[in-house]
Structure formats: structure tokens, C-alpha cells
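These notes concern the structure reproduced below.
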Amino acid sequence: MAGCTAQLLLAAIGDEDEPCLRPGLFLKERVRSAGLLVLPATGHAINLEEPAAFHRAVSDFLTLVEAGRWPVREAGAPQASALLPERDLSGL
């Protein structure tokens, strides 16, 4: 992943899609601009199983990107929520 040139990334997975959970976390940990969306009670086809939640999350992601507000984490920086920036999530 050291050579990864992805500028922005939103990994979207269902919590019932167990083979994809660890790869999603791996991407989140390794790509500093990656976001991770996990929808509950959803499998591999989250865009078909929960289309409203999926489309809302992708729309929010694209809106933040377009506004230049999607954060790129610095190595070792405390975690914060991009969608709820007023919340400090570092203790979770």
C-alpha cells in the first residue's frame, strides 16, 4: 500500500459481508484519505440492499470532497468524524 496513489476513497461494506470487513479496515488504516462506511444488517450488495442509506452516504462523501472538506489524516493523528466534525471520536 505504500505506493497507493488514491487521492480519496470511501470503502463501503455491509457488516454481514464478513470477508470484506478486514480489507475495509485495512484500507482505512493504510490510505490516509480513506473513509469507511459500514451499514448494519447488510451484506455484499449494500447499494441494492440499503439503497437510500448507501446513496445518502455517497452523496455526503462527494459533497465533502467537492467542498474540499474531506480530511486527509496525518500519520498518528487523533481520529475525528468527517461527517460530524464537532464530535471527537478519539476515545471510542
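FYI, it's all coordinate maths here, none of it is from the lab. In this text, all values refer to a predicted model and were calculated from it rather than measured experimentally. Cβ coordinates were reconstructed from backbone atoms using ideal geometry, including for glycine residues, and neighbour counts include every protein chain displayed.
Net length available on complete extension from residue 52 to residue 36 is 4.0 nm, with 0.36 nm assigned per residue and the Cα-Cα distance removed.
Extension gain, residue 22 to residue 44, is 6.6 nm, computed as 0.36 nm per intervening residue step minus the present C-alpha separation.
Label-to-label distance for residue 60 and residue 73 is 1.7 nm, based on points extended 7 Å past Cα in the beta-carbon direction.
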